[in-house]
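The values are calculated or read from the model by the stated rules, or taken from the named source; none is laboratory data. Treat the numbers as computed from the prediction; the structure is a model and nothing was measured. Backbone-built Cβ (ideal geometry, glycine too); neighbour counts: all protein chains shown. To get the accessible areas, we keep the full protein, side chains included, count just its heavy atoms, and leave off ligands, DNA and RNA. Shrake-Rupley method; radii C 1.70, N 1.55, O 1.52, S 1.80 Å.
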Amino acid sequence: MRSHLLNDRTAGTYRRTVTAGVEHIAARLAHADRPFTGIAPPALAPVVDAVDLDHPLGDADAALAELDRLYLRDAVYFHHPRYLAHLNCPVVIPAVLGEAVLSAVNSSLDTWDQSAGATLIERRLVDWTAARIGLGPAADGVFTSGGTQSNLHALLLAREEACDGVRKEHGADLRTAEILPRLRILASAHGHFSVRKSASLLGLGEEAVVEVPCDAERRMRPAALAAALADLQRDGLVPMAVVATAGTTDFGSVDPLAQIAELCAGYGVWLHVDAAYGCGLLVSGRRRHLLAGIERADSVTVDFHKSFFQPVSSSAVLVRDRAALRHATYHADYLNPERMAAEQIPNQVDKSLQTTRRFDALKLWLTLRVMGADGVGALFDEVCDLAGAGWRLLDEDPRFEVVVRPQLSTLVFRYVPRGARPDPALVDAANLHARERLAASGAAMVAGTKVDGRHYLKFTLLNPETTTEDLAAVLDLIAAHAADHTGESLVPDVPAPSTASPVQAAQAAPAVPAR
Ligand SMILES: *Cc1c(COP(=O)(O)O)cnc(C)c1O
């Protein structure tokens, strides 16, 4: 069994095994003609259940062949140009190389004596990101597992700062439990649900999140925020943080950061900017201005695994004042005794919610060293351009209704049947049906969401390989599936034999040139 340990004597096995895996994936990627096979859980679950985990296969080739049936053959492939569903990006090769290196060396980023140079590399990237944001000389931060953790971390720091503030004003002996019920978090109606989850985990209860209304473009209204802050003050409650979203998950809308920062400064409230999605703007050549005001944040969430084309996980939380990170610092004699801080041995566990932690920063490091920040930004600009082109398609197409003109790279829209006043329940059902049928066919993957209680469809565009023709072809498929459901006859301008269903007609429509 020792032959399976990766060490000086097993380099040959390591090379052969990993190369076989790489060859296998390369072949899979080359042959994926659809983003998904459309397989359903009842078909796949028995195959996975049938594996006897107490009887190993003994060699990697056999395990890989088995894995192909269990997973790889029917996986959802984000690199395919017609994967248009969630905030998953195709990944860049330098980052995949980083992934291979970091798991083979297996550094842990909690302490210097488990990581050495890895700690320094992560710190350089934290400083680089903070400088891109413009947070100033006292900034710091740490890599995390994702936006959810980054938001939780930032709000923990905000909570502790708010508790300190209340104690300063009302008495140093006030206990945290007495203060928590008075704390409130303000976020827009389109903020991420992890804000409510954080409020709950932080002992505030999700009711502590005050929803600030948005404008028609789904951006937080500063006037509404001002009113909400004034209400809290009047009621003797404490605004613990304002969470502005730089790129809402559904609409990609960027809250007016500068105006929000101004209000936060006036009330002395912690400003957290959730840029999990919009962080790609930090390296954009043409859209960086959309983040104007982010430099005034107290904390920022960035998800490199969304708009920097990095494999999951790669995220960070940044803070304006590194002193705030002390709220997550605990000392253990075995790991990070206070003596180490005194000796100035660099140590990331003092800043993190995790202990053992992956060297995810390496992926971004190799990406920047190979492609450069401008290269990443150019890819993100391309998908934002594509969203603009997609919006024009939808806006001109009488079969569809599109909600907002995108600032980033999502499009929220729905199919509307012909006729003067279609039944709202029928419209909902037609859109749901279209999404389900499309996923079952595997021809394309799109997401769904609700707008004002009604079902809509969503394109999340993060693949620069996706073309306007792809979007047009997928819209034809959606319209055909939806029309199938409503029982509408064929859309007149799609030529097809009269016996064909709308779906058959759309599938028979001129195909997009093969790639
Ligand atoms: C995706 C997202 C998150 C959550 O990030 P994870 O990496 O999925 O945990 C938080 N906020 C926004 C705005 C997001 O889009």
Output the number of residues of the stretch 35-56 satisfying the condition of being open to solvent by less than 90 Å² (accessible area, probe 1.4 Å) and in a loop (DSSP other than H, G, I, E, B). 9
Would you mind finding the one in VAL412, VAL402, VAL446, VAL376 that is free of Cβ contacts under 8 Å to residues at least 12 places away in the same chain and either buried (at least 17 other Cβ atoms within 10 Å of the Cβ) or assigned by TED's automatic domain parsing to the domain that holds ARG286 (or both)? VAL402
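Which members of the stretch 379-437 meet the condition of being in a loop (DSSP other than H, G, I, E, B), of a type in the set (A, V, I, L, M, F, W, C) and closer than 28 Å to GLY280 by Cα? Steps first, please.
So in the stretch 379-437, the residues in a loop (DSSP other than H, G, I, E, B) come out as 397-399, 403-409, 416-423.
Subsequent filtering for residues that are of a type in the set (A, V, I, L, M, F, W, C) retains 403-404, 408, 416, 420.
Result: VAL403, VAL404, LEU408.
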Residue tally, condition open to solvent by 10 Å² or more (accessible area, probe 1.4 Å) and small (Gly, Ala, Ser), over the stretch 233-275: 5
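In the stretch 300-327, which residues are within 18 Å of MET240 (Cα to Cα) and either within 13 Å of the ligand (Cβ to nearest atom) or among the acidic types (Asp, Glu) (or both)?
Start the filter on the stretch 300-327 by keeping residues that are within 18 Å of MET240 (Cα to Cα), which leaves 300-301, 317-321, 323-327.
The answer is VAL300, THR301, VAL317, ASP321.
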Looking for whichever is touching a strand residue (DSSP E or B) at 6+ places or on another chain (Cβ under 9 Å), within 16 Å of the ligand (Cβ to nearest atom) and open to solvent by 70 Å² or more (accessible area, probe 1.4 Å) here; the options are ARG196, ARG221. Which one fits? ARG196
Test result for VAL92, open to solvent by less than 40 Å² (accessible area, probe 1.4 Å) and in contact (Cβ under 8 Å) with a residue 40 or more places away in the chain: yes
When (1) surrounded by fewer than 18 Cβ atoms within 10 Å (Cβ to Cβ); (2) closer than 25 Å to ALA276 by Cα; (3) touching a Gly at 6+ places or on another chain (Cβ under 8 Å) are applied to ARG124, the one that fails is (3)
Pair list, Cβ < 7 Å and 6+ apart or interchain, from the stretch 114-132 residues that are under 10 Å from PRO346 (Cα atoms) to residues that are in a helix (DSSP H, G or I) and open to solvent by 60 Å² or more (accessible area, probe 1.4 Å): THR119/TRP112
Is there any pair linking a residue in the stretch 164-186 that is outside the structural domain of ARG196 (by TED's automatic domain parsing) and on the phi > 0 side of the Ramachandran plot to one that is open to solvent by less than 50 Å² (accessible area, probe 1.4 Å) and at pLDDT 95 or above, with Cβ under 6 Å and at least six apart or on different chains, and which? none
